[in-house]
There are 2 protein chains.
Amino acid sequence: MNKLEELKKIIDSLNNFAIVSHTSPDGDSMGSILSLYNLLIDLNKNVDVFVEGQAPYKFSYLSGFYNIKNISQSNSRYDCLFVLDCGDEDRLGECKDLLNRTDIIINIDHHITNNSFGNINIIDAKASSVGEILFELYKNLNYKITKEIAECLYTSIVSDTGGFKFSNTSSKTMRIVADLIDTGINFTNIYYRIMDLKTLNGIKLISKVTSTLKIYLDGKVATMKLTKQMLEECQTKEDEAGELVNIVRDIESVEVGILIKEVDIDTYKISFRSKDYFDVKDIALKYGGGGHIKAAGCTIKNKSIDEIEKELIDEIKKAWVKYNEWNN
Amino acid sequence: MNKLEELKKIIDSLNNFAIVSHTSPDGDSMGSILSLYNLLIDLNKNVDVFVEGQAPYKFSYLSGFYNIKNISQSNSRYDCLFVLDCGDEDRLGECKDLLNRTDIIINIDHHITNNSFGNINIIDAKASSVGEILFELYKNLNYKITKEIAECLYTSIVSDTGGFKFSNTSSKTMRIVADLIDTGINFTNIYYRIMDLKTLNGIKLISKVTSTLKIYLDGKVATMKLTKQMLEECQTKEDEAGELVNIVRDIESVEVGILIKEVDIDTYKISFRSKDYFDVKDIALKYGGGGHIKAAGCTIKNKSIDEIEKELIDEIKKAWVKYNEWNN
């Protein structure tokens with residue numbers, strides 16, 4: 001019996017299901033668990049869907065959202081537990097206890113690092129999202145993909161592909177999205193909610209941080225600064241504004257974008273991004289940090305923010321001279 | 001003979017082609033004309049591709065970009081002229097003269113208002129972009145869609161659909177994009193260049209304009225201001241920052257976003273956007289402006305920017321009271 005047949009048999013023969021994903025659920029988690037919740041409800045099963053803490057209100061447009069249970073509300077046993085978009089047991093947080101309250105664990109994921117903790121493990125690291133894997137499973141098992149389920153799956157895919165722009169997007173992804181659009185979902189509305197909506201405090205923070213923008217080396221290098229005072233004034237956390245360092249990198253002329261972020265008294269975290277060719281990891285390594293060629297970081301202590309900026313620009317200038325010597 | 005057969009006969013039998021699109025070419029224009037340029041070159045035709053003025057450098061990654069001719073460089077005659085993404089003859093600007101220098105005009109467009117000025121007119125108002133129409137034509141005519149051509153067509157489609165988010169995106173659009181991805185194009189790079197890159201001055205302007213953000217009616221209404229001084233300080237034009245008024249509308253709590261823009265001494269243009277239900281056209285009409293329910297505008301003179309803001313907020317408050325009376 002192959003995995004698909006096993007899965008079919010489990011869904012057909014059992015009655016009490018639970019569904020869960022990782023802590024701090026993102027769009028793929030929320031879309032995946034609610035798509036499966038709606039599918040099992042359509043099949044007249046008993047289903048509990050769990051998150052740790054509060055489900056993010058951003059996804060309240062998804063069918064089934066208001067039926068999500070907080071893990072502290074339950075101590076039931078289940079015939080079968082689906083764990084979605086979760087690389088290992090510890091990422092379940094408080095929901096980990098569910099693993100002891102079920103007869104069968106089905107682990108469906110797209111993280112290449114998944115440690116196959118389930119009784120059945122369906123891992124496809126080439127899939128853009130768990131939503132993409134579930135779409136194929138539902139289709140191969142001949143389950144009806146209703147408009148409600150399609151909205152969940154579209155949410156998964158648009159979230160994990162960054163709006164179909166990340167390199168995990170494949171032609172298969174686009175064909176699945178085409179099928180989802182054909183169910184009649186209001187995809188422009190979902191796209192808007194997931195990708196374009198910003199919080200008020202997030203916009204305020206972007207305004208403050210971009211006002212510190214400075215340009216060096218004929219516009220090839222740019223810096224921005226984020227202080228604790230800015231976060232306080234905007235009553236926000238950094239992540240509400242999205243990836244701030246990307247704003248610097250995404251300026252046309254810029255090859256190296258730098259965000260200098262105050263984390264404590266005289267302690268700064270530096271994020272580096274490069275666009276095409278400059279190795280920012282080399283700069284980060286000099287300060288005991290690390291990363292990749294195009295994305296790296298380090299922490300610098302006991303210097304002022306202006307000293308740090310000057311020093312980093314000097315290091316980059318030196319590296320640039322070397323780069324030009326090698327490439328000319 | 002149907003249009004497709006006619007087109008096939010023209011391309012097969014003739015040798016000297018010209019291609020043109022509307023003035024101030026956008027992504028769909030540039031992608032469309034260069035896709036056809038590459039296709040006709042692959043078929044060993046003589047081809048001139050024209051724009052009025054300078055072709056936007058943003059699209060320099062497209063194959064054929066450096067072969068684009070400025071219309072002032074040419075007075076040749078052609079067997080056949082392709083006019084792409086152009087609703088009427090006047091939108092050709094200086095390139096309009098080409099209409100008198102060709103035996104046959106082929107007009108391919110997706111604007112519903114197209115006045116069918118060609119000898120052959122292929123108009124599909126349901127297509128997201130001319131790139132989408134051309135993909136189907138090339139395929140139905142059995143022409144090879146090379147990677148270079150696919151890059152052009154992807155550029156067209158991603159530009160005119162706003163990155164697959166506008167409602168002109170259809171399941172057919174997504175299936176075409178899937179086929180384009182299958183040619184092996186570096187679509188993430190194209191997406192990034194078209195959708196994410198910003199100019200330095202554009203970011204500076206966004207920073208200044210967002211710093212004027214004000215919130216009213218428990219966050220349901222928000223305003224931003226754009227002054228002539230800001231444009232001078234940033235050495236930029238408004239459009240370098242994208243649609244500024246959308247930044248206000250896209251704040252979570254906001255239903256009505258307003259941009260007050262200084263255009264002359266004591267003369268302000270107001271842009272209104274609403275998210276879901278508030279009719280901003282009604283407010284604009286009061287000031288002699290107009291528009292649609294969710295997007296409207298007007299001009300107000302002889303008042304200070306602060307007076308205008310106060311007055312608009314008062315008008316919106318009044319309208320909101322009325323709205324609530326009707327809906328409760």
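Odds and ends about this structure:
- Test: residue in the stretch B:20-40 that is out of contact with any Leu (no Cβ under 8 Å at 6 or more places or on another chain) and assigned to a strand (DSSP E or B): no
- Of the listed requirements (1) in a helix (DSSP H, G or I); (2) surrounded by 19 or more Cβ atoms within 10 Å (Cβ to Cβ), residue B:314 misses just one: (2).
Here is a yes/no grid of residues against (1) farther than 25 Å from residue B:191 by Cβ; (2) not basic (Lys, Arg):
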| site | (1), (2) |
| --- | --- |
| B:32 | no, yes |
| B:60 | no, yes |
| B:71 | yes, yes |
| B:83 | yes, yes |
| B:90 | yes, yes |
| B:97 | yes, yes |
| B:101 | yes, no |
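- Among the residues of the stretch B:8-19, those identified as outside any loop (DSSP other than H, G, I, E, B) and out of contact with any helix residue (DSSP H, G or I) (no Cβ under 7 Å at 6 or more places or on another chain) are B:8, B:9, B:10, B:11, B:12, B:13, B:16.
For every residue, the table says whether it meets (1) at negative phi; (2) touching a His at 6+ places or on another chain (Cβ under 7 Å); (3) more than 7 Å from every other protein chain (Cβ to nearest Cβ).
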{"residue": "A:184", "(1), (2), (3)": "no, no, yes"}
{"residue": "A:188", "(1), (2), (3)": "yes, no, no"}
{"residue": "A:200", "(1), (2), (3)": "yes, no, no"}
{"residue": "A:213", "(1), (2), (3)": "yes, no, no"}
{"residue": "A:223", "(1), (2), (3)": "yes, no, yes"}
{"residue": "A:231", "(1), (2), (3)": "yes, no, yes"}
{"residue": "A:250", "(1), (2), (3)": "yes, no, no"}
{"residue": "A:260", "(1), (2), (3)": "yes, no, yes"}
{"residue": "A:264", "(1), (2), (3)": "yes, no, yes"}
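- Scanning the stretch B:278-306 for residues that are over 17 Å from residue B:226 (Cβ atoms) and over 30 Å from the mean Cα position of the chain (by Cα) yields one hit, B:302.
- Applying a threshold of 6 Å to beta carbon distances and a minimum spacing of six or more residues, or different chains, the list of pairs starting in the stretch B:73-97 at a residue that is assigned to a strand (DSSP E or B) and ending at one that is of a type in the set (D, E, K, R) reads B:79/B:103.
- Taking the stretch B:171-182 as the range and being among the hydroxyl-bearing types (Ser, Thr, Tyr) and within 7 Å of chain A (Cβ to nearest Cβ) as the test, only B:171 passes.
- Considering only residues in the stretch B:251-272 that are closer than 17 Å to residue B:212 by Cα and in contact with a Gly (Cβ under 8 Å, 6 or more places away or on another chain), the one that is surrounded by the fewest Cβ atoms within 10 Å (Cβ to Cβ) turns out to be B:269.
- Checking each residue in the stretch B:149-163 for being among the charged types (D, E, K, R) and either within 11 Å of another protein chain (Cβ to nearest Cβ) or more than 10 Å from residue B:185 (Cβ to Cβ) (or both) picks out only B:160.
- Set A:105, A:112, A:133, A:145: member being more than 16 Å from the chain's Cα centre (by Cα), in a loop (DSSP other than H, G, I, E, B) and not basic (Lys, Arg): A:145
- Residue A:206 meets the conditions (1) free of Cβ contacts under 8 Å to residues at least 40 places away in the same chain; (2) facing chain B (nearest Cβ under 8 Å); (3) hydrophobic (A, V, I, L, M, F, W, C) in every case but one. The failed one is (1).
Throughout, read-outs are computed from the coordinates displayed, never taken from laboratory work. It should be emphasised that the depicted structure is a prediction, and the values quoted were computed from it without experimental measurement. Backbone-built Cβ (ideal geometry, glycine too); neighbour counts: all protein chains shown.
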